[in-house]
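> One structure coming up, written as structure tokens, with questions to follow.
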Amino acid sequence: MARLPLPVRKAIHRLKLFLAPAAEVLVAGYVRFSVWWLRLWPLWLSAGGMAFWAKLLGPFFAVSKVARRNLAAAFPEKSKAEINALVRGIWANMGRLSAEFAQQDRLWDYDPARPDVGRIEVKGAEIFQRLRDDGRPALFFTAHTGNWELCAIAGAKFDVPGGVLYRAPNNKRAAELIEEMRSGTMPGLIRAGRDAGRQMARMLAEGQHLGMLVDQYWTGGPEVMFFGRPCATNPTLARLARQFDCPVHGMRVIRLPGARFRVEITEEVPLPRDAEGKIEVVGAMQAVTSVIEGWVREYPEQWLWLHRRWR
């Protein structure tokens, strides 16, 4: 197909720039309306409804091809029908997540005095309590599995001093709304950017704790093996662990039947060290990635297979 003439391409580019502010307002308005609408209903109803429509329509989206390729490569023993069932499950999880995000300030009902009652159960609560009181910094890693937003909420509810690294949407108005919603349940938000590294280092030096997602492709990052295939990963967690020689713990959220969740915190993950006794960055990220692979194998339909993890 012939390429459009330069003047036409320039005109299209100018039109896109002209329409961008209006598109940003429309997207932000849609997000705000969706949040308002989803907050009108009980969680089980809004989450169930969103899961139904996402499971019905999601498999027809082009991005589902990425999920099918990823699943087929990770689980070569699974049939096409099994892969398609997992794709529907992935979309159902995403639908529930959108409804839960709108009501995230209502989700947490964990009571240490009655840990088996309520929507939230916590495995490893004593680890949180120990880290909160020991005066040392620590790092947490998690993955896009279940309702991963609850990891940050859990840290705040257990009064663990620290913050969470996150990437904001490109739409500024939508990003402002999301930050506004998160600020009430997730203190210490650290926006990924030029100053994030210095902010995280300062917090760790003060004995605080940091959490971050580490399961997405990272351009130029060190290579690790995930489901038997090499992929680039973000080394920030391992570099901070090496610099501050602090413990690293895993944390995940498992979606349970009946709009319930289990938050799990692991004991310290052993990380390889070099001849000088310092944490080895690539080996540490491989150890972390191996933990995440185990999580994903256990509940494959709860992970974000729509992302191009391997490239």
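> Of the numbered conditions (1) more than 23 Å from residue 112 (Cα to Cα); (2) out of contact with any Ser or Thr (no Cβ under 7 Å at 6 or more places or on another chain); (3) buried (at least 18 other Cβ atoms within 10 Å of the Cβ); (4) among the β-branched types (Val, Ile, Thr), residue 233 satisfies every one except a single condition; which is it?
Every condition holds for residue 233 apart from (2).
> Further question on the same structure: If I ask for residues that are open to solvent by less than 60 Å² (accessible area, probe 1.4 Å) and either assigned to a helix (DSSP H, G or I) or under 28 Å from residue 129 (Cα atoms) (or both), which ones from the range 157-173 would you list?
Within the range 157-173, 158, 160, 161, 162, 163, 164, 165, 166 qualify.
> Among (1) open to solvent by 20 Å² or more (accessible area, probe 1.4 Å); (2) farther than 30 Å from residue 245 by Cβ; (3) under 17 Å from the mean Cα position of the chain (by Cα); (4) modelled with pLDDT of 90 or more, there is one condition residue 179 misses while meeting the rest; what is its number?
(4)
> Hey, can you tell me all the residues within the range 95-109 that are without any contact (Cβ under 8 Å) to a residue 60 or more places away in the chain and assigned to a loop (DSSP other than H, G, I, E, B)?
109
> Out of all the residues in the range 201-215, is one or more closer than 29 Å to residue 115 by Cα, more than 16 Å from the chain's Cα centre (by Cα), open to solvent by 70 Å² or more (accessible area, probe 1.4 Å) and not aliphatic (A, V, I, L, M)?
no
> Can you find even one residue in the range 75-93 that is over 15 Å from residue 299 (Cβ atoms), small (Gly, Ala, Ser) and not in a loop (DSSP other than H, G, I, E, B)?
Yes: one or more hits.
> What single numbered condition from (1) open to solvent by 40 Å² or more (accessible area, probe 1.4 Å); (2) touching an Asp or Glu at 6+ places or on another chain (Cβ under 7 Å); (3) outside any helix (DSSP H, G or I) fails to hold for residue 132?
Checking residue 132 against (1) open to solvent by 40 Å² or more (accessible area, probe 1.4 Å); (2) touching an Asp or Glu at 6+ places or on another chain (Cβ under 7 Å); (3) outside any helix (DSSP H, G or I), the one that fails is (3).
> Looking only at strands (runs of 3 or more DSSP E) that fall completely inside the range 219-311, which ones have 1 or more residues that are out of contact with any strand residue (DSSP E or B) (no Cβ under 9 Å at 6 or more places or on another chain)?
223-226, 229-232
> Looking at 280, 293, 301, which one is closer than 23 Å to residue 95 by Cβ and not hydrophobic (A, V, I, L, M, F, W, C)?
301
> Does residue 42 count as surrounded by fewer than 12 Cβ atoms within 10 Å (Cβ to Cβ), at pLDDT 65 or above, within 21 Å of residue 175 (Cα to Cα) and not hydrophobic (A, V, I, L, M, F, W, C)?
Judged against the criteria, residue 42 is not a match.
> Only one residue in 66, 87 is surrounded by fewer than 19 Cβ atoms within 10 Å (Cβ to Cβ), at pLDDT 95 or above, out of contact with any strand residue (DSSP E or B) (no Cβ under 7 Å at 6 or more places or on another chain) and of a type in the set (Val, Ile, Thr), so which one is that?
66
> Looking at residue 125, is it more than 18 Å from the chain's Cα centre (by Cα) and open to solvent by 50 Å² or more (accessible area, probe 1.4 Å)?
Considered against the rule, which asks whether it is more than 18 Å from the chain's Cα centre (by Cα) and open to solvent by 50 Å² or more (accessible area, probe 1.4 Å), residue 125 comes out as no.
> So residue 203 clears everything in (1) aliphatic (A, V, I, L, M); (2) more than 29 Å from residue 38 (Cβ to Cβ); (3) part of a loop (DSSP other than H, G, I, E, B) except one condition, right? Which one?
Tallying (1) aliphatic (A, V, I, L, M); (2) more than 29 Å from residue 38 (Cβ to Cβ); (3) part of a loop (DSSP other than H, G, I, E, B), residue 203 fails exactly one: (3).
> Turning to a different aspect of this structure: If I filter the range 138-156 for residues that are open to solvent by 50 Å² or more (accessible area, probe 1.4 Å), of a type outside the set (Val, Ile, Thr) and under 20 Å from the mean Cα position of the chain (by Cα), do I get at least one hit?
no
> Looking at this structure, is residue 268 open to solvent by 10 Å² or more (accessible area, probe 1.4 Å), touching a residue at least 12 places away in the same chain (Cβ under 8 Å) and farther than 25 Å from residue 93 by Cα?
yes
> Identify all residues within the range 54-66 that are farther than 15 Å from residue 100 by Cβ and of a type in the set (A, V, I, L, M, F, W, C); write none if there are none.
56, 57, 60, 61, 62, 63, 66
The values are calculated or read from the model by the stated rules, or taken from the named source; none is laboratory data. Please read these numbers as outputs of a predicted model, since none were measured by experiment. A quick note on method: Cβ atoms are made from the backbone with ideal geometry, for glycine too, and the neighbour counts reach across all protein chains shown. Just the protein is used for accessible areas: all its heavy atoms, side chains included, with ligands, DNA and RNA removed. Shrake-Rupley method; radii C 1.70, N 1.55, O 1.52, S 1.80 Å.
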